1. Test ILE181 against the criterion of being under 18 Å from the mean Cα position of the chain (by Cα) and of a type in the set (Val, Ile, Thr), and give yes or no.
2. Search region 187-207 for residues that are closer than 16 Å to ASN148 by Cβ and pair each with any residue that is surrounded by fewer than 20 Cβ atoms within 10 Å (Cβ to Cβ) and at pLDDT below 95 when their beta-carbon atoms are under 9 Å apart and the residues are at least 6 apart or on different chains.
3. Taking the condition of being β-branched (Val, Ile, Thr) and touching a helix residue (DSSP H, G or I) at 6+ places or on another chain (Cβ under 7 Å), how many residues in region 167-220 meet it?
4. Are any residues in region 67-98 over 21 Å from THR132 (Cα atoms) and surrounded by fewer than 21 Cβ atoms within 10 Å (Cβ to Cβ), and if so, which ones?
5. How many residues does region 107-119 hold that are hydrophobic (A, V, I, L, M, F, W, C) and crowded, with 24+ Cβ neighbours inside 10 Å?
6. How many residues does region 157-205 hold that are of a type in the set (A, V, I, L, M), more than 17 Å from GLU222 (Cβ to Cβ) and out of contact with any Lys or Arg (no Cβ under 8 Å at 6 or more places or on another chain)?
7. Would you point out the residue of region 120-148, among those that are of a type in the set (Gly, Ala, Ser) and assigned to a loop (DSSP other than H, G, I, E, B), that is surrounded by the most Cβ atoms within 10 Å (Cβ to Cβ)?
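The values are calculated or read from the model by the stated rules, or taken from the named source; none is laboratory data. Computed from a predicted model, the values in this text were never measured in an experiment. As a convention, Cβ positions derive from the backbone with ideal geometry for all residues, glycine included, and neighbour counts pool all protein chains shown.
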Amino acid sequence: MKLLLLSNSRNPDGTYLQHALGAFEKISEQRKRAVFIPYAGVTISWDDYLNNVRQALAPVGIHVDGVHQSDDPIAAIQGADLILGGGGNTWRLLQLVRQNGLLEAIQAKVAADTPYIGWSAGSNLACPTIRTTNDMPIIDPKGFDALNLVPFQINAHYNNELPAGHQGETRSQRIAEFTRINPDMPVLGLPEGDWLEINGQQATLCGPKPAILFKEGAEPREINAGDISFLMAR
């Protein structure tokens, strides 16, 4: 199993996926034909979304087709050398992935050593469920269960800032609510600019910022870049 799971796609300077191009090149190896799942895009057309990804990955020689352009989305996934899950709204992403029968198809391809690369919502999709997404539930996906490629939850775009005067909960407080109800499921708060590289049972945190690990009964813990394979134990 080979996974690349990014917290975010766009950087503060406006560049798209460029902070992790080396990681894309590393995981793709000689695989250069990718199938992109744009379903999380709600306010952008899927063709425009596809073109953005194509332009971003062209420098590393990855050719990208859209699963939405295929008359048989399952066959498109089955024939992919790489599978890309884009960001946007996680609820919409899961709804359409499930509706098109792609959950099982992606799971089978990843089990057969086809790399899966996700960012933001696409990273949420790799988790056991999508219940730690930040996104508004704009549609009912008919269940929260996702790809279950990793045995922990990810909270993408993690930060714990609270705007002045805001009386709502912080991100950490919301994640603490999740772990209280789900004490056996850890959550990794993944800040923007960071990503996970997973190869089998080996997992590595990459990027400039520490991630935050949340577990019921323990204080949130900072984890710096490096080996985090302990999270892969099921």
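1. no
2. Cβ pairs passing all conditions: GLN201/ALA233.
3. Matching residues across region 167-220 total 1.
4. Within region 67-98, HIS68, GLN69, SER70, ASP71, ASP72, ILE74, ALA75, GLN78, GLY79, ASP81 meet the criteria.
5. Matching residues across region 107-119 total 2.
6. 4
7. Ranking the qualifying residues of region 120-148, first place goes to SER120.
A quick yes/no check of all residues on (1) hydrophobic (A, V, I, L, M, F, W, C); (2) closer than 20 Å to LEU196 by Cα; (3) modelled with pLDDT of 95 or more:
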position	(1), (2), (3)
GLN55	no, no, yes
ILE74	yes, no, yes
VAL110	yes, yes, yes
SER123	no, yes, yes
